[in-house]
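What follows is a short report on a single structure.
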Amino acid sequence: MPIYTFRVNGQTVTVDSWDPDQPLLYVLRNALGLHGPKFGCGLAQCGACTVAVDGNAVRSCVTPVKEVADRSVTTIEGLGTPEKPSPIQAAFIAEQAAQCGYCTSGMIMESQALLTQTPHPTRDQVKDALAGNLCRCGTHTRILNAVLRAAKA
Amino acid sequence: MGTVTALSRREILKTGGAMVVSFALGSIVPKGSFAQNGRSAPSEVDSFLAIHEDGSVTIFTSHVDIGTGIATVFRQTAAEELGIPVERFTVVEGDTAATPNHGGTGGSSGVPQGAADIRRAAATARQKLLDLGAARLNHPASELIIESGEVRPKSGGAGIAVAALIGGQRFSLAVDPSAPLKNPATYTVVGKPILRADVPQKCTGRHVYLQDFSLPGMLHGRIVRPPAMGAKLISVDESSVRGIPDVRIVRMESFLGVVAKDEWAAIRAARELKASWSEWQGLPASENLERYLREAPAAPDQVIVNRGDAVAALAGAAKQLSATYSWPFQSHASMAPSCAVADAKESGTMVWSATQGVFGLRANLAKVFGIAPDKLRVVYMDGSGSYGTNGADDAAADALLLSRAVGQPVRVQWMRHDEHGWDPKGPAQLLDVRAGIDAAGNIVAWETQMWLPDGPSGERALVGPESAGMEQGHGQNAGLVTMNADPSYPVSHVRVVAHKLKDTPLRLSNLRAPGKIANVFAVESFTDELAMAAGMDAVAFRRRALADPRALAVLDRAAEMIGWKPRRSPNPQVAQGSLRVGRGIAYMRYKQAENYVAIAMEVAVDLNGKITVRRVTCAHDCGLIMNPDGLRNQVEGNIMHTLSRTLYEEVRFDHSKVTSVDWSSYPVLRFPEAPEIEVTLLNRPDQHAYGAGEAASAPVAAALANAVFDATGVRLRSVPFSPERVRTVLARA
């Protein structure tokens, strides 16, 4: 079985995958037990599976595992913990910017990528950056406020 | 993967809060008991509450959170009545072997039923604690209070911890419906914006969803649905998936599924499995829906409201108006495709599900699969928001079918096309509205006639068992869909008639504020049309028809927040380039008996058909407020969700199948379109507390349609307000 080595949340991991085209999402969730990235559509249409690869937000549901070989993947688990949340996570918690929370991991990863490139975005820039991340509970206002709060912090 | 340990309700009680946390996290697999414990009857205090030796408290309830924040309200309610700090409470939700059956989640019942039951149990428990404290402190119970988890003399002096009085023991006490309740005026926990315990977990990827749950030896299952909804399976070419490792194919009549050790293998096998199916063309196609609704065979007319003599009053009115409104089938379109884990064994069957009603699901599965209810345990775990009955119950049946077939635990997660294509839908609705106004412009008569599929009640057919040819119920109840089809104004002559279709093209279920969004869309759009006919400002017209001060308060507040200037519609202001700007308002009282809600909006309509909602204001009165932050989150969510439903959402189908099966063919509201939302919560501590999971949805579509009319002079009477539809209607004007 083909073997792939890459970094996940700062640690080097080696996984095997019978199919080199297996999306990264299933490798993270099932082989590595990282359940933060969520399956929402498998079509790169909803953003629930978003992780960072070398700092860029990607949809792990359509990213073949072979493409991340030797690269660095960050999932939401790599940002912070409930006890020690990262600034963006702390801002989401302070704004109570979640209802069901199924989209939250993707929202935070996408926002983190935005803030890395644009540390002080306008509200419209945040809206544009999150245009590909869906939320069905209607938590949009709080999510926008959370990202802007993190940008100010 | 965690160790498998038996954990029954008794053990939860014995081991206390710490274990409950692990239980909720799913790292411990309960297998000890299947039947509901005898002490789980909703008549018993112990069914709802357990105070542990360490002073922590577990609440047991069949109402589930599923992202609404209701679990926090339960903690606050019990903490308030018991005088124990809210941080010490955890909630076990929806477990047929561990929680009382006091109803499932739905119909905004979490506060008025769920929390009310927990409150009575806690109030009963408080009396018992005071009595126990009286004996230990040698003080009359009437002179004791419970504060910070201690029973103490009101006058001061040494107290005793609640845990020292009853920790680890049962109350063995029936819930006393007349146990004295705390006076809301003295509340210190209820009414406060207590933060949700799940949010930090959810924001750090640590919250364990049903989708994240696994069992040792668990296989991954996927279902292969027919290409036409009623097609029969003719043959399967097993060789088509031979290259995929460890795949097994499960076939029962026309039910076709695959299981594999590896999830990706199951997904690929389901995608690549070649099967041939019969032709089937039993759907009317969504383009023909309005005609279908009007012409399909209907049950005898059902008179929903009959006040005065609407027919005579209409005939005698100075001016009579009529209009037709329509609403499409809509999907719950949950972020997470439905999921379930089932483990069917001789000794008993376990099902983990994000169902909104564990007891209802158990009853249905038990009947369909022929399992004794005391050998079937259904455990709730959080999924994504479901906003009603999405595919969760169907996925449970799929997982059970597969687990029984292969004799191992099976996790089924639907794919996106399964969820959009096969979740039971919110019904399409068609409404003819007629009303009469007198010479002064007062509404004197109102008639609503509606056509929609709905009923009979009873268990819904589950997709998998239907394909497998298993006998089951075919309930089609979509959930109180005929309410709010009369105006929330005291009109003397009102008649509402429902023509309920005998059949439905697509399976039905409850979808957030069932039926009432479309009904209020018709009623409150038409109220604006009457205001126009009377030559009046939309707010003034409504004010004149209302006497209830709570109704007037929400109407005035929403109008004030949007900066409402009295004038007639449409907006006489000159267009800004290709943009036309307008404002609109809508008001209703939910179910004519619960929440008062008014919503106002400011919109810009581009002549190319694009509607931009700039601002939304909402004034909301649900009586006593339990948690203002949770409530605000729900109200904002209702508004955004319903804007999405009104602007974009329509289930499309041809003669064979649903064709809107992903986020591109079933578009929803995205961030760039998200408006500013301002909410005012009117607290009425002396009034009954109602839920808020639905009410603010109901006036959204009408407020939007009224604002578009104000901007353009053109009235949208069919949802969704897609750019194509808006363009067409504008061109016709």
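What is the average number of partner chain Cβ atoms found within 10 Å of a Cβ in B:204-215?
Details: counts 18, 19, 6, 9, 1, 5, 0, 6, 6, 1, 4, 0.
Rounded to a whole number, the mean comes out at 6.
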Expressed in angstrom and ordered largest first, the alpha-carbon extents of chain B along the principal axes are 81, 74, 48
In terms of the alpha carbon gyration tensor, root eigenvalues a ≥ b ≥ c, rounded if a/c is under 1.5 and otherwise prolate when a/b exceeds b/c or oblate, the protein assembly as shown is rounded
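Given Cα pairs under 8 Å that are at least 6 residues apart, what percent is the relative contact order of chain B?
13 percent
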Protection proxy (average C-beta count within 10 Å per residue), highest first, orders A:16-26, B:722-732, B:401-411, B:129-139 as B:401-411, A:16-26, B:129-139, B:722-732
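Ranking B:238, A:77 by Cβ neighbours within 10 Å, fewest first, what do you get?
On the way: B:238 14, A:77 21.
Least to most surrounded, the residues fall as B:238, A:77.
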Listed by chain and number, the residues whose amide H is under 5 Å from that of residue B:319, excluding neighbours fewer than 5 places away on the same chain and using placed H, are B:437
Residue by residue through the stretch B:292-306, the couplings from Karplus 6.51 cos²θ - 1.76 cosθ + 1.60 with θ = phi - 60°, in Hz, x for Gly and Pro, are 4, 4, 6, 9, 5, x, 10, 5, x, 3, 10, 8, 8, 9, 8
Taking alpha-carbon centroids only, the stretch B:344-394 lies from the stretch B:504-576 a number of Å equal to 41 Å
Amide H proximity to residue B:329 below 5 Å, modelled H, separation 5+ or other chain, gives B:428, B:651
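Projected area of the stretch A:87-152, taken from the Cα convex hull and averaged over every viewing direction, in nm²? Write out the running numbers ahead of the final one.
Numbers: hull surface 14.6 nm².
Its Cα hull, projected and averaged over all orientations, spans 3.7 nm².
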Fewest-first ordering of B:387, B:648, B:489 by Cβ atoms within 10 Å yields B:648, B:489, B:387
Whole-Hz Karplus couplings 3J(HN,Hα) for the stretch A:21-27, θ = phi - 60° and coefficients 6.51, -1.76, 1.60, Gly and Pro as x, run 8, 4, x, 3, 3, 6, 5
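Does the stretch B:518-732 come out rounded, prolate or oblate, given a ≥ b ≥ c as the square roots of the eigenvalues of its C-alpha gyration tensor, rounded meaning a/c under 1.5 and, failing that, prolate meaning a/b above b/c? List each step's numbers first, then the result.
Working: a/c = 1.81, a/b = 1.21, b/c = 1.49.
It is oblate, given that a/c is not under 1.5 and a/b is not larger than b/c.
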FRET efficiency (residue B:439, residue B:612; Cβ distance; R0 35 Å; to 0.05) is 0.35
Given A:141-148, A:95-102, the highest-first ranking by average Cβ count within 10 Å works out to A:95-102, A:141-148
The base-10 log of I(q)/I(0) that the Debye equation returns for the stretch B:368-491 at q = 0.17 Å⁻¹, one scatterer per C-alpha, is -0.99
Given a Förster distance of 35 Å, the FRET efficiency implied by the Cβ-Cβ spacing of residue B:170 and residue A:11, rounded to the nearest 0.05, works out to 0.15
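What FRET efficiency, computed as 1/(1 + (r/R0)^6) with R0 = 45 Å and r the Cβ-Cβ distance, is obtained for residue B:155 and residue B:113, rounded to the nearest 0.05?
Calculated value: 0.75.
Let me have the 222 nm mean residue ellipticity of the protein assembly as shown computed from DSSP H runs of 4+ only, each contributing -39500 (n - 2.57), with the sum over all residues rounded to the nearest 500.
Working: 24 runs with 252 residues, N = 886.
It lands at -8500 deg cm²/dmol.
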At the level of C-alpha centres, the distance separating the stretch A:44-120 and the stretch B:69-84, in angstrom, is 33 Å
Output ordering of B:344-353, A:44-53 (per-residue mean of other Cβ within 10 Å, highest first) is A:44-53, B:344-353
Taking a crude spin-label model, label points 7 Å out from Cα along the C-beta direction, the residue B:87 to residue A:81 distance in nm is 1.8 nm
TM-like helix rule applied to chain A (DSSP H, alpha carbon span at least 15 Å on the long axis, mean Kyte-Doolittle at least -1.0) gives A:104-117, A:140-152
Residue B:303 and residue B:322 label points (each 7 Å along its Cα→Cβ direction) are spaced in nm at 1.9 nm
The answer for the net charge of residues other than residue B:266 whose Cβ lies under 10 angstrom from its Cβ, with Lys and Arg +1 and Asp and Glu -1, is +3
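Provide the net charge surrounding residue B:390, with neighbours chosen by a C-beta distance below 15 Å and charges set as Lys +1, Arg +1, Asp -1, Glu -1.
Details: positive: A:136, B:416, B:425, B:460, B:507, B:512, B:645; negative: B:382, B:393, B:394, B:398, B:418, B:419, B:423, B:649.
Local charge sum for residue B:390: -1.
Excluding residue B:550 itself, calculate the net charge of residues whose Cβ lies under 10 Å from the Cβ of residue B:550, where each Lys or Arg counts +1 and each Asp or Glu counts -1.
Numbers: positive: B:589, B:684; negative: B:548, B:621.
So the surrounding residues net to 0.
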If every Lys and Arg gets +1 and every Asp and Glu gets -1 at its Cβ, then about the Cα centre chain B yields a dipole, in debye to the nearest 20, of 420 debye
As straight-line cross-link partners of residue B:565, the qualifying lysines (C-alpha separation under 27 Å, not fewer than 8 residues apart within one chain) are B:319, B:610
Residues meeting the amide H criterion for residue B:95 (H placed from the backbone, H to H distance under 5 Å, 5 or more places apart or on another chain) are B:380
For the stretch B:547-562, Karplus-derived ³J(HN,Hα) couplings (6.51, -1.76, 1.60; θ = phi - 60°; whole Hz; x for glycine and proline) come out as 10, 5, x, 5, 5, 4, 5, 5, 4, 4, 5, 4, 5, 4, 5, 7
Among the stretch A:44-77, those whose backbone N falls under 14 Å of a label point 7 Å along Cα→Cβ from residue A:21 are A:62-67
Within 10 Å of the Cβ of an average residue in B:642-649, the count of other chain Cβ atoms is 1
P(r) over all Cα-Cα pairs of the stretch A:3-78, 5 Å bins from 0 to the longest distance, whole percent per bin, short to long, reads 4, 18, 32, 30, 13, 3
Cα-Cα pairs in the stretch B:372-422 separated by more than 15 Å, as a whole percent of all pairs, come to 55 percent
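If you count, for every residue in A:139-152, the Cβ atoms of partner chains within 10 Å of its Cβ, what is the mean?
On the way: counts 8, 13, 13, 5, 2, 3, 0, 1, 0, 0, 0, 0, 0, 0.
That average works out to 3.
Every number in this text was worked out from the coordinates using simple rules, so none of it is lab data. Owing to the predicted nature of the structure, the values given are computational and were not obtained by experimental measurement. Cβ atoms come from the backbone with ideal geometry, glycine included; neighbour counts cover every protein chain shown.
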